[in-house]
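The values are calculated or read from the model by the stated rules, or taken from the named source; none is laboratory data. Note that the coordinates shown come from a computational prediction; the quantities given were computed from them, not determined experimentally. Cβ coordinates were reconstructed from backbone atoms using ideal geometry, including for glycine residues, and neighbour counts include every protein chain displayed. Side chains included, ligands, DNA and RNA excluded: accessible areas come from the protein's heavy atoms. Shrake-Rupley method; radii C 1.70, N 1.55, O 1.52, S 1.80 Å.
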Amino acid sequence: MKNKKTDEKKIIFVVEDEPDIQELITLHLSKSGYRVEKFLESKPMLARLEKQEPGLILLDLMLPDQDGLEVCKILKNSSQYAAIPVIMVTARTEEVDVVLGLELGADDYINKPFSPRELVARVKAVLRRGKHSTDSEEPVSQRIVIGDLLTIDPQKYEVTVQDKKIHLTSTEFLILKMLAEKQGWVFSREKILDRLWGDEKDVFDRTVDVHIKNLREKLGPAGKLILNIRGVGYKLEL
Ligand code: CA
C-alpha cells in the first residue's frame, strides 16, 4: 500500500549552488516521493528552518555565501536543529572536509559526481536511521541498561550517562545501539558500514572511526565502554 501522506520526514532541503546539480537532485528525489525545497545559498535555508523543519538536509560544502562546514556546525550546535540529519555533498578531492564534516555531526556524505540511484539510496538510509521513522519495519527494542553508567532507550531515542541526557546524531545512536545490544561482540568496520549504509557503502573505513570517536567523546565517562579491537573492529563491554 502506498502512503501518500506528506509527513515532515518527506521534506528535504537541498542547498546547492550549481543549478544543474540542484535540478538533478530535485528531479530524482521528487520521483521517489520526497518534497524538495531548493536553496542556492545557506542563509535563506537557515531562515526557512524557523518556519519549516525538513526530514533531512542535503548540504553542498562549497557554497557562495558560507562554507558548508560552517553551516553544518551551526546546525549541529543548535539544540533545535541538531537532530535534523545532514548529508554533505562534496567533490571527491575533499576527503579532509568529509572527515571534518562528520566530526561536526553530519550523518553521511555523498561524492560528486554521484548516480541518482546512489543519492536516493543514501537519503533513504539516513532517514531510516532517523528517530522520526514511522515506516520502519524494525521492531522497537527494549531499553538497554549497562551498569549504572549507560542507559539506551530506543523507544524514546534517548541516551543517558549517569542520569545525564546525551545528544547523539542518528548515526551515532545507531552505532551505539548496535554495539550495546550485543555486549562483548566485536563488530568489524565492514559490519558497521553494512548496517548503516546497506548496499550503498561507497564510503571509506575512516567514516566509522570518526563516528566512534565522536560517540566516545559525547559519552564522557561511558565512552571507555567502547573498545577498539586492533585490526578487527569495535565492541562495547562493561
Ligand atoms: Ca557548490
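See the values below:
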quantity	calculated
Residue within region 223-236 that is open to solvent by 40 Å² or more (accessible area, probe 1.4 Å) and touching a Phe, Trp or Tyr at 6+ places or on another chain (Cβ under 8 Å) present	yes
Candidates 184, 198 - the one that is farther than 28 Å from residue 121 by Cβ and modelled with pLDDT under 95	184
Test: residue 29 is more than 16 Å from the ligand (Cβ to nearest atom), assigned by TED's automatic domain parsing to the domain that holds residue 106, closer than 18 Å to residue 111 by Cβ and open to solvent by less than 40 Å² (accessible area, probe 1.4 Å)	yes
2 or more residues closer than 21 Å to residue 192 by Cα, open to solvent by less than 10 Å² (accessible area, probe 1.4 Å) and away from the ligand (no atom under 13 Å from the Cβ): qualifying helices (runs of 4 or more DSSP H) within region 42-126	95-104
Selection from region 127-149 of residues that are open to solvent by less than 80 Å² (accessible area, probe 1.4 Å) and at pLDDT below 80	129, 130, 133, 136, 141
